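So the structure is just underneath, and the comments pick up after that.
Coordinate-derived values only; no laboratory data. Quantities reported herein were computed from a predicted structural model and do not represent experimental measurements. Cβ sites come from the backbone with ideal geometry, for glycine too, and all protein chains shown count toward neighbours.
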Amino acid sequence: MLKTMCDVLYRRAVKATFYSLAGFRAAFTKEEAFRLELTGLIILVLIMFVAPWPLWKKFVMTGSYLLILIVELLNSAVEDVCDLVSTEYSDLIKTAKDKGSMAVLMALLANMLLLVGLLLW
């Protein structure tokens, strides 16, 4: 029974990984904002290699920046679903898209506040 359970978990993990990679590929090819934020993450990681900060600050900064990418992916998913529902103008769809955009802005602002806090600490 344990072997069967492990096999099922392994298959699910492999499938989930492939689905996640497909989502990454879709976001990378279709979303300019995602590409820009991913570039920002790469630059941040390179800076963190040379920054004279303690390791915990580097992890906190990099982890918080990953949250921006997470929010951007969720925003893109909301926009995709909205576009699927209707291509016509709708106040509700506009509001949903605007809220997703605001969530990304808030994640960016939170990240900037964290950076300022870490610089002052």
Inter-label distance for Ile42 and Ala26, nm, one decimal - labels placed 7 Å from Cα along Cα-to-Cβ: 2.3
Local electrostatic count at Tyr19 - Lys and Arg +1, Asp and Glu -1, tallied over other residues with Cβ under 14 Å: +4
What shape does segment 1-52 have by the C-alpha gyration tensor, where a ≥ b ≥ c are the square roots of the eigenvalues, rounded means a/c under 1.5, and otherwise prolate means a/b greater than b/c and oblate the rest? oblate
Please name whichever of Ala13, Thr87, Ile68 sits farthest to the positive end of the charge dipole of the chain, dipole taken about the Cα centre and charges placed at Cβ: Lys and Arg +1, Asp and Glu -1. Ala13
Roughly how far apart, in whole Å, are the Cα centres of segment 68-88 and segment 1-59? 19
Spatially proximal aspartates and glutamates relative to Lys99 (Cα-Cα < 17 Å; intrachain offsets below 8 disregarded): Glu72, Glu79, Asp80, Asp83, Asp91
With only Lys, Arg, Asp and Glu charged, each at its Cβ (+1 for the first two, -1 for the last two), find how big the charge dipole of the chain is about the Cα centre; round to the nearest 20 debye. 640
